[in-house]
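Here the structure is laid out as structure tokens; the discussion comes afterwards.
The values are calculated or read from the model by the stated rules, or taken from the named source; none is laboratory data. Everything quoted here is computed from the prediction, not taken from an experiment. Cβ: placed from backbone, ideal geometry, glycine included. Neighbour counts: every protein chain shown. Only protein heavy atoms, including side chains, enter the accessible area calculation; ligands, DNA and RNA are left aside. Shrake-Rupley method; radii C 1.70, N 1.55, O 1.52, S 1.80 Å.
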Amino acid sequence: MERILTSGKIAPSTLQRSSFLRNSQLPLHLSLWVYVIIVLFPLLWLLLSSFKTNREITVNTWALPTTFNFDNYKAAWESAHIGQYAFNSLIVTMAACFLTIVLSAATAFALSRMKYKALSKKVYGFILLGLLVPPGALFIPLYRLVTDLHLYDTHQALILVYCTYALPITIFILHAFMQSVPSELEEAGIMDGLSAAGLFARVIVPVSMPALVTVFILAFIGNWNEYILSQLLVTTESLRTLPTGMATFNDGYRTNFASLSAAVIISIIPVLLVYMFLQRQIIDGMTAGSVKG
Amino acid sequence: MYKALRNPYTYLAFIVPTLALYCLFFIYPVVVSFIYGFYQWDGISEKLFIGIDNFKRLAHDEVFLKSLGNNFYFMAFSLIVNIPLVFLIAIMVSKARRMRGFYKSAVFVPVVISTATVAILFGVLYNYESGMINQVLRAIGGESWAKEWLSDPHLAMLSILIANAWQNIGFFIVLCLAAILNIPKEIGEAAKIDGVNAWSETWRITLPLVRPVLFVMLLLTVSGTLKVLDIVQIMTNGGPFQSTEVMSTYALKVGFRSLELGYGSAIGVAMFILILIMTGILQRVSKSEEVQY
């Protein structure tokens with residue numbers, strides 16, 4: 001580009017127009033800012049509301065809160081058990097993510113690197129079928145199955161089901177990644193006398209770390225936000241996860257916007273913090289695989 | 001050399017636990033769903049085999065047809081409004097020479113927030129008295145502009161669609177942006193040298209080159225809008241007067257509230273088949289359209 005520009009082969013009118021377009025990025029940035037404000041404003045408005053009293057919200061919505069009182073947060077945390085729900089969510093989410101990673105990494109390794117090609121191909125196809133099934137079509141038999149297994153109303157039920165539902169996409173991503181691991185690494189390991197399990201633990205898992213972190217984040221966000229299954233499979237108040245707890249709170253407090261706003265803000269903070277720290281990884285992870293095809 | 005990778009016991013140990021969970025919580029419910037669909041059953045008394053009567057009943061069930069229509073309304077809105085908007089914003093962000101990272105992170109924020117929270121947030125924003133939306137409308141147009149967003153049967157579905165768009169399009173924007181930035185720079189530069197303006201560059205160069213990602217977005221939108229559940233359930237639960245009922249909310253109501261497990265499963269099966277057919281058609285259409293840079 002530089003070379004062509006300096007060699008003067010371009011018609012002057014083209015040059016002028018393109019440099020004009022480049023220097024006037026103001027309208028572009030203004031429009032993008034309008035969009036960003038539309039996206040972020042509701043959250044900001046909610047944040048301000050969470051410091052107000054209900055009366056203040058109704059009478060002067062736009063004013064800043066007169067005093068920054070944390071009563072709403074106290075109410076949300078204590079009487080609405082937001083803290084308890086968040087703790088439950090954390091247990092269920094972490095356990096399910098851990099199980100998903102262990103199982104899918106082992107399976108992806110066996111399917112992509114071990115020498116049972118024909119069988120592996122069939123098993124892989126069978127697991128990918130799971131990507132096509134709408135979970136909504138399975139609720140009735142799933143509910144009965146969980147009840148029959150005496151897992152109804154337990155965290156174990158959620159952990160096992162979340163783990164299973166995350167398996168197809170996780171194996172899909174890890175399988176693709178592990179297939180691209182050069183075979184020289186493997187050969188070196190075999191020379192050192194490693195078994196298949198040793199190769200997995202000492203060679204494949206360490207080199208697959210970026211992919212493992214990505215699928216962990218994907219599973220974390222999915223499980224942390226899951227609502228329908230947790231509402232269906234858990235009834236005991238003290239076992240509820242955050243989204244279900246929030247929804248119950250919503251039904252009970254439809255007119256108490258101040259507390260509701262505080263509860264929403266509390267529920268958003270952890271995931272926003274995770275997002276801010278891991279932005280790049282999350283965005284790349286979420287878009288990986290779909291862009292190239 | 002590769003004997004280490006040919007150990008049948010290791011192979012089985014690595015894939016059997018995954019397959020066991022997958023079959024138990026995924027494949028078994030799918031199979032059972034299909035079987036239940038042929039029975040009349042309240043979950044307590046004896047199952048009664050009624051052949052395809054459940055499926056015949058679907059064709060005459062006004063509520064089901066209405067919910068099917070709502071799913072298609074959801075799909076049409078997402079295809080006609082969201083996707084062009086996504087493409088436009090992604091193009092704009094890709095043109096920005098500064099702050100691209102900021103825009104990318106900001107538009108993605110709603111994606112990490114749980115649907116339950118988004119539903120509650122918009123419930124607060126849409127409130128007739130103190131909600132932000134009506135406050136804005138009152139400020140610019142007076143009292144008559146304020147609307148009962150979620151309890152007016154004509155507006156409820158639209159209100160859900162807007163909340164859904166707010167939450168989801170950030171993901172698509174980032175996806176589309178990744179594809180646009182993936183286009184080799186030389187192509188854009190060559191176009192500029194040929195004197196192509198920004199408008200036709202977008203139409204004639206960028207759009208065709210990101211077609212694989214547009215196709216992924218199409219696929220995700222079609223299957224996503226056919227199985228949509230949680231945002232509808234929390235915001236309106238299908239009301240008012242079934243104006244926002246979708247297939248999944250109806251299946252849950254039939255299966256769990258009216259205890260018609262057979263009929264509820266039949267709705268699930270219908271959803272499953274519909275998604276399979278629609279994605280199958282899309283895949284076939286796209287097959288001939290591989291892109292070469």
Flagged in the range B:249-258 as more than 10 Å from chain A (Cβ to nearest Cβ) and closer than 20 Å to residue B:44 by Cα, in numbering order, are B:253, B:257, B:258
Looking at B:137, B:161, which one is open to solvent by 10 Å² or more (accessible area, probe 1.4 Å) and either under 28 Å from residue B:93 (Cβ atoms) or in a helix (DSSP H, G or I) (or both)?
-> B:137
Only one of these is in contact (Cβ under 8 Å) with a residue 24 or more places away in the chain and under 24 Å from residue B:168 (Cβ atoms): B:187, B:231. Name it.
-> B:231
Which residues, counting only those in the range A:109-137, are at the interface with another protein chain (Cβ under 9 Å from one of its Cβ atoms) and among the hydrophobic types (A, V, I, L, M, F, W, C)?
-> A:109, A:110, A:111, A:114, A:119, A:123, A:126, A:127, A:129, A:132, A:133, A:137
All helices (runs of 4 or more DSSP H) inside the range B:167-248 with 2 or more residues being more than 11 Å from chain A (Cβ to nearest Cβ), touching a Leu at 6+ places or on another chain (Cβ under 9 Å) and surrounded by fewer than 23 Cβ atoms within 10 Å (Cβ to Cβ) | B:211-226
How many residues does the range B:99-151 hold that are acidic (Asp, Glu) and modelled with pLDDT under 85?
-> 2
Selection from the range A:268-285 of residues that are polar (S, T, N, Q) and more than 9 Å from every other protein chain (Cβ to nearest Cβ) | A:281
Those residues of the range A:230-245 which are open to solvent by less than 50 Å² (accessible area, probe 1.4 Å) and within 10 Å of chain B (Cβ to nearest Cβ), in sequence order | A:230, A:232, A:241, A:242, A:243, A:244, A:245
Report yes if residue A:185 is within 12 Å of chain B (Cβ to nearest Cβ) and either of a type outside the set (Val, Ile, Thr) or in contact (Cβ under 8 Å) with a residue 40 or more places away in the chain (or both), otherwise no.
-> no
Just for the range A:155-205: of the residues that are aliphatic (A, V, I, L, M) and outside any helix (DSSP H, G or I), which one is most open to solvent (accessible area, probe 1.4 Å)?
-> A:194
How many residues are open to solvent by 40 Å² or more (accessible area, probe 1.4 Å) and modelled with pLDDT under 90 when one looks only at the range B:57-98?
-> 3
For residue B:34, all conditions in the list (1) in contact (Cβ under 8 Å) with a residue 60 or more places away in the chain; (2) under 30 Å from residue A:169 (Cβ atoms); (3) open to solvent by less than 20 Å² (accessible area, probe 1.4 Å) hold save one; what is the number of the exception?
-> (3)
Scanning the range A:144-154 residue by residue, those open to solvent by 10 Å² or more (accessible area, probe 1.4 Å) and in contact with a helix residue (DSSP H, G or I) (Cβ under 6 Å, 6 or more places away or on another chain) turn out to be A:151, A:152
Qualifying residue in the range B:12-20 (condition: under 23 Å from residue B:246 (Cα atoms) and open to solvent by 20 Å² or more (accessible area, probe 1.4 Å)) = no
Would you be able to say whether some residue in the range A:15-31 is outside any loop (DSSP other than H, G, I, E, B), aromatic (Phe, Trp, Tyr) and modelled with pLDDT under 70?
-> yes
Count, please, the residues in the range B:28-64 that happen to be part of a loop (DSSP other than H, G, I, E, B) and of a type in the set (A, V, I, L, M).
-> 3
Assigned to a helix (DSSP H, G or I), more than 11 Å from chain B (Cβ to nearest Cβ) and open to solvent by less than 10 Å² (accessible area, probe 1.4 Å): does that describe residue A:93?
-> yes
Counting only residues that are within 18 Å of residue B:66 (Cα to Cα) and touching a residue at least 24 places away in the same chain (Cβ under 8 Å), how many does the range B:236-263 have?
-> 14
For the range A:37-46, state whether one or more residues are farther than 22 Å from residue A:266 by Cβ, at the interface with chain B (Cβ under 10 Å from one of its Cβ atoms) and modelled with pLDDT of 85 or more.
-> yes
Pick from the range B:89-119 the residues that are β-branched (Val, Ile, Thr) and more than 19 Å from the chain's Cα centre (by Cα): which of them is farthest from the other protein chains (Cβ to nearest Cβ)?
-> B:91
Checked A:111, A:128, A:119 against criteria (closer than 30 Å to residue A:185 by Cα, buried (at least 22 other Cβ atoms within 10 Å of the Cβ) and not small (Gly, Ala, Ser)); the one match is A:111
